[in-house]
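One structure is given below, encoded as structure tokens.
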Amino acid sequence: METRIAPEFRGTREGDEAEAILRACVHCGFCNATCPTYQLLGDELDGPRGRIYLMKQVLEGATPTAKTQLHLDRCLTCRSCESTCPSGVRYGALVDIGRRIVERKVGRPPAEAAQRYSLRKGLLSKSLFGAALATGRAAKAWLPHEIARRIPDARDAGMWPAARHARRMLIMQGCVQPSIAPNIDAAMARILDRIGISGVRTAAGGGCCGALPEHLGAHDDALAIARRNVDAWWPAVEAGAEAIVVTASGCGVTVRDYAHLLADDAGYARRAERIGALARDPVEVIAAEWKAIGPRIALDRGAQRIAFHAPCTLQHGMQIKGQVEELIDAMGHQRLPITDAHLCCGSAGTYSILQPELAGQLKRNKLAALEAERPHVIASANIGCITHLASGTDRPVRHWIELLDERMLDGGRG
Ligand code: SF4
Ligand code: SF4
């Protein structure tokens, strides 16, 4: 698409990057077919092609309005459109730039700005979030059912093995996951320990990956968090950690992008590139270590009917498709077919809070698809999706890594 970037953006990093992305788009509209918000709302401006057009206008010098902002706000950043696009348009990078510019030029009414600010600060602080969650759990019995079911029950983390092996991998401690579901990272550590790798928690100082502020248009906050994480994790990387395992795919996709985020920062670019290259989703680690893991799976422990929801960050963001599904089969479970598996569940970071109607409809649609064959368990790979889906069903919703942990024999076979 021919693009004439306005002088205020020409020659800037965001202007140049946006121009390159816009030029790749041929405006064919194939992407609309797989866009969840276009499917729900039927408005061209609530689909990727329309949003790209809106951002193009802004980058060419048009003044954005609150309506421009609304259409960008309604985007889930699920990147389903990227999977569909035949021209390789990097929509996710473009919408991050578009949102930043529109945020600067349009601003927010005070109540909205306050809500976004408190989300950024509250969810990023482990102590604040942990305290709020503990309060919610304590009051759960007195809350209306619809609110109470959104508060996840406390879960026991189980044992975290001592670091006894020469081979080591870092396991990233995110912002909300250690409070909501500490068992996920502990399960990963136990799996690694059984095959001779110590899973070590990332050092204090790390925390949120930066995804939440980035998608809320607070780019400088995201950069500061990425730098803090690079500083916190670097000593362990220098000491020989083989990988940084990120059990929440929503965080994994962001950590992989650190090289891009910090490319202009001479003090961090090289280390950020290394950190991004070491980031691994659990499924990549398990696949690479399958020779050691496969023989330890107890196929006789009883197959369960599993419905797997592939998070958008896994299938569209990282383009990891079908691998977790293969592992669930290899664990001896019965994996159930899911219709429209490419569609978002509506969680999408803070989207479920900021766009509750759309998020609620997407959740209902996703649960209808996941529960159609009456699974025993719904499995996923991202804490946001797990929590969001669990708030709408009485079935257990779990990370697939927990299922693998339960399926493995401690001592191996033979
Ligand atoms: S983003 Fe891709 S699929 Fe969508 S209109 Fe542009 S070229 Fe076509
Ligand atoms: S990221 Fe998702 S919601 Fe946003 S335009 Fe693309 S497909 Fe639609």
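Given the structure, is residue 49 within 11 Å of ligand 1 (Cβ to nearest atom) and among the charged types (D, E, K, R)? So that I can check it myself, show each step before the final result.
Values: within 11 Å of ligand 1 (Cβ to nearest atom): yes; among the charged types (D, E, K, R): yes.
The answer is yes for residue 49.
Working carefully through the options 390, 372, find the one that is open to solvent by less than 50 Å² (accessible area, probe 1.4 Å) and touching a Pro at 6+ places or on another chain (Cβ under 9 Å).
Working: 372 fails: open to solvent by less than 50 Å² (accessible area, probe 1.4 Å).
When all the criteria are applied, what remains is 390.
Considering only residues that are among the small types (Gly, Ala, Ser), under 24 Å from the mean Cα position of the chain (by Cα) and within 14 Å of ligand 2 (Cβ to nearest atom), which ones fall in the stretch 1-45? If you could, list the steps in order and put the result at the bottom.
Our first condition is that a residue be among the small types (Gly, Ala, Ser); within the stretch 1-45, this holds for 6, 11, 15, 18, 20, 24, 29, 33, 42.
From what is left, the residues that are under 24 Å from the mean Cα position of the chain (by Cα) are 18, 33.
Result: 33, single match.
Could you give me the residue pairs with C-beta distances under 6 Å whose first residue belongs to the stretch 214-234 and is over 17 Å from residue 175 (Cα atoms), whose second residue is acidic (Asp, Glu) and open to solvent by 30 Å² or more (accessible area, probe 1.4 Å) wherever it lies, and which are 6+ apart or on separate chains?
The qualifying pairs are 217/103.
Considering only the stretch 37-44, I want to know if a residue exists there that is among the aliphatic types (A, V, I, L, M), assigned to a loop (DSSP other than H, G, I, E, B) and open to solvent by 70 Å² or more (accessible area, probe 1.4 Å).
Here is the first cut: in the stretch 37-44, the residues among the aliphatic types (A, V, I, L, M) are 40-41.
From what is left, the residues that are assigned to a loop (DSSP other than H, G, I, E, B) are none.
Within the stretch 37-44, not a single residue is among the aliphatic types (A, V, I, L, M), assigned to a loop (DSSP other than H, G, I, E, B) and open to solvent by 70 Å² or more (accessible area, probe 1.4 Å).
Anything in the stretch 375-384 that is open to solvent by less than 10 Å² (accessible area, probe 1.4 Å) and not aliphatic (A, V, I, L, M)? List them, or say none.
Keep residues of the stretch 375-384 that are open to solvent by less than 10 Å² (accessible area, probe 1.4 Å), which gives 375, 377-381.
Scanning the stretch 375-384 gives 375, 380.
With the requirement that a residue be touching a helix residue (DSSP H, G or I) at 6+ places or on another chain (Cβ under 9 Å) and modelled with pLDDT of 85 or more, what does the stretch 190-207 give you? Let's see the steps before the verdict.
Initial filter on the stretch 190-207 (touching a helix residue (DSSP H, G or I) at 6+ places or on another chain (Cβ under 9 Å)): 190-192, 194-207.
Correct list: 190, 191, 192, 194, 195, 196, 197, 198, 199, 200, 201.
State whether the residues of the stretch 303-318 include one that is open to solvent by 10 Å² or more (accessible area, probe 1.4 Å), of a type in the set (Val, Ile, Thr) and out of contact with any His (no Cβ under 7 Å at 6 or more places or on another chain).
yes
If I filter the stretch 364-384 for residues that are part of a helix (DSSP H, G or I), closer than 30 Å to residue 193 by Cβ and either of a type in the set (A, V, I, L, M, F, W, C) or touching a helix residue (DSSP H, G or I) at 6+ places or on another chain (Cβ under 8 Å) (or both), do I get at least one hit? Give the derivation first.
At the first step, the residues of the stretch 364-384 found to be part of a helix (DSSP H, G or I) are 364-371, 383-384.
Add one more test, that the residue is closer than 30 Å to residue 193 by Cβ, and what stays is 383-384.
Now drop any that are not either of a type in the set (A, V, I, L, M, F, W, C) or touching a helix residue (DSSP H, G or I) at 6+ places or on another chain (Cβ under 8 Å) (or both), which leaves 383-384.
The answer is yes, given that some residue of the stretch 364-384 is part of a helix (DSSP H, G or I), closer than 30 Å to residue 193 by Cβ and either of a type in the set (A, V, I, L, M, F, W, C) or touching a helix residue (DSSP H, G or I) at 6+ places or on another chain (Cβ under 8 Å) (or both).
Do you know which residues across the stretch 1-34 are part of a loop (DSSP other than H, G, I, E, B), within 10 Å of ligand 1 (Cβ to nearest atom) and over 12 Å from residue 91 (Cα atoms)? Even if it seems obvious, please write down each step before you answer.
So in the stretch 1-34, the residues part of a loop (DSSP other than H, G, I, E, B) come out as 1-12, 25-29.
With the extra rule that they be within 10 Å of ligand 1 (Cβ to nearest atom), the set shrinks to 1, 25-29.
Once the filter is applied, which keeps residues that are part of a loop (DSSP other than H, G, I, E, B), within 10 Å of ligand 1 (Cβ to nearest atom) and over 12 Å from residue 91 (Cα atoms), the stretch 1-34 yields 1, 26, 27, 28, 29.
Conditions first: (1) more than 10 Å from ligand 2 (Cβ to nearest atom); (2) assigned to a loop (DSSP other than H, G, I, E, B). Residue 76 passes all but one, so which condition is the exception?
(1)
Residues of the stretch 246-262 being touching a residue at least 60 places away in the same chain (Cβ under 8 Å) and either open to solvent by 30 Å² or more (accessible area, probe 1.4 Å) or in a loop (DSSP other than H, G, I, E, B) (or both), which ones? It would help to see each step written out before you state the result.
Let us first name the residues in the stretch 246-262 that are touching a residue at least 60 places away in the same chain (Cβ under 8 Å), namely 246-253, 255-256, 260.
Hits for the stretch 246-262 are 246, 247, 248, 256, 260.
Is it fair to say residue 355 is without any contact (Cβ under 8 Å) to a residue 40 or more places away in the chain and more than 15 Å from the chain's Cα centre (by Cα)?
Numbers: without any contact (Cβ under 8 Å) to a residue 40 or more places away in the chain: no; more than 15 Å from the chain's Cα centre (by Cα): yes.
No.
Mind checking which residues of the stretch 209-220 are out of contact with any Gly (no Cβ under 7 Å at 6 or more places or on another chain), open to solvent by 10 Å² or more (accessible area, probe 1.4 Å) and under 20 Å from residue 177 (Cα atoms)?
Of all residues in the stretch 209-220, those out of contact with any Gly (no Cβ under 7 Å at 6 or more places or on another chain) come to 210, 213-214, 216-220.
Checking the rest, the ones that are also open to solvent by 10 Å² or more (accessible area, probe 1.4 Å) come to 214, 216-220.
Matches in the stretch 209-220: 214, 216.
Taking only pairs six or more apart or across chains, which ones have beta-carbon atoms under 6 Å, a first residue in the stretch 18-34 that is more than 15 Å from residue 53 (Cβ to Cβ), and a second residue that is within 14 Å of ligand 2 (Cβ to nearest atom) and small (Gly, Ala, Ser)?
Qualifying pairs under 6 Å: 34/80.
Quick one: in the stretch 50-72, of everything that is under 23 Å from the mean Cα position of the chain (by Cα) and crowded, with 20+ Cβ neighbours inside 10 Å, which residue is farthest from residue 346 (Cα to Cα)? Talk me through it step by step, then tell me what you get.
Residues of the stretch 50-72 that are under 23 Å from the mean Cα position of the chain (by Cα), as a first pass: 51-52, 69-72.
Next cut, crowded, with 20+ Cβ neighbours inside 10 Å only: 51-52, 69, 71-72.
Details: 51: 18, 52: 21, 69: 19, 71: 16, 72: 15 Å.
So the residue we want is 52.
Can residue 339 be described as among the hydroxyl-bearing types (Ser, Thr, Tyr), within 24 Å of residue 82 (Cα to Cα) and surrounded by fewer than 19 Cβ atoms within 10 Å (Cβ to Cβ)? Steps first, answer last, please.
Numbers: among the hydroxyl-bearing types (Ser, Thr, Tyr): yes; within 24 Å of residue 82 (Cα to Cα): yes; surrounded by fewer than 19 Cβ atoms within 10 Å (Cβ to Cβ): yes.
Criteria met by residue 339.
The values are calculated or read from the model by the stated rules, or taken from the named source; none is laboratory data. Predicted model, so just to flag it, every value in this text is computed and none were measured. Don't worry about glycine lacking a Cβ; one is built from the backbone with ideal geometry, like all the others, and counts go over all protein chains shown. Note: accessible area is taken over every heavy atom of the protein model, side chains too, but ligands, DNA and RNA are not part of it. Shrake-Rupley method; radii C 1.70, N 1.55, O 1.52, S 1.80 Å.
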